[in-house]
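Okay, so here's the structure we're looking at.
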Amino acid sequence: MKLRVVAGVVIGLLLVAAVLPVDAVTTHLGDRFAGPSPAHWLGTDHLGRDVLVRLVTGTRLSVWFTAVAVLACAVVGTLAGLFAGYLGGAAGQALQRILDLLVAIPTVIIGLIVAAVRQPGLDTLLIAVLVTGWTPLARLAYQLTVRERGREYVEGALALGAGASRITMRHILPNAIRPLTAHACLRFANVLLSLAGLSFLGLGAQPPTPEWGAMLAEGRQFVFVAPRLVIVPAVAVVAVSLFVTLLGRHLDRRWSR
């Protein structure tokens, strides 16, 4: 019950952050490195911008963009795992070899390759995450489908003349959606850290766009002058990652009973 309340509060705050009309870009050089005050609760940065405002605005990219990336990875991975697991044989073997290959390639390397072909930006982040991010969900969906395809309800659907698409989407997927959802929550932290890391390296959102990884990259130059410029976005990344991971573990324990 407590987790539900906390989850509701956190999601509500994220929704407010997504629509809150604030200015996180305009500079005020006269207020550079101002400390915490009633006017600026977390102080200002090296350009006089409010750190709290930039942190809240950065939620739109860091959290919601991560959610979109995880959802895209979940859709691609689930569909690939479902159909490869149901068809088996060559399709299953091909998926396993592709997964083994992609798992061996770090997301950062993919980001560097994509950035060499395209300009750094949000599209570079999304492509880099999608290339490897769908693999864990595809492997889980494959294993669940292999387990389910021998059940009586699948054999009954086959006897009634149902095709592969109907069986996988109408019969197997509903039985696999809960563990897949829990695993997607567990993957959220990994994707958020990957996106923040790529932005920290300059491959994602570009200044002055407020994004937690980009804020870390900007703040590291002034870590001894105003350490909060590094601490605040770092704490935000860790806190959101921890919360969603705990939520995923709670769902996994609850639905696996």
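Things worth noting here:
- The modelled label-to-label distance between residue 169 and residue 143, using points 7 Å beyond Cα along the C-beta direction, is 2.7 nm.
- The range 160-173 - phi-based ³J(HN,Hα) in whole Hz, Karplus 6.51/-1.76/1.60, Gly and Pro as x: 7, x, 5, x, 4, 5, 5, 5, 5, 7, 9, 10, 6, 4
- FRET efficiency, residue 253 to residue 109 (Cβ-Cβ, R0 35 Å, nearest 0.05): 0.55
- Across the options 156, 85, 213, the greatest Cα extent toward the positive end of the charge dipole of the chain (unit charges at beta carbon of Lys, Arg, Asp, Glu) belongs to 156.
- At R0 = 30 Å, FRET efficiency that the Cβ-Cβ distance of residue 90 and residue 181 yields, to 0.05: 0.55
- Gaussian network model of the chain, Cα within-10 Å springs - most flexible of 162, 72, 234: 162
- Cα gyration tensor, the chain - rounded (a/c under 1.5), prolate or oblate: prolate
- Take the Cα of residue 28, step 7 Å toward its Cβ, do the same at residue 201, and the gap between the two points is 3.6 nm.
- On Cα atoms only, tilt of 228-255 relative to the major axis of the chain in degrees: 20
- Multiplying the residue separation of residue 41 and residue 67 by 0.36 nm and subtracting their alpha-carbon distance yields 6.6 nm.
- Using alpha-carbon coordinates, inclination of helix 135-148 to the longest axis of the chain, degrees: 30
No value in this document is a laboratory result; all are computed from the given coordinates. Keep in mind that what you see is a predicted model, and the values were worked out from it rather than measured. Every residue, glycine as well, gets a Cβ built from its backbone with ideal geometry; the counts of neighbours run over all protein chains shown.
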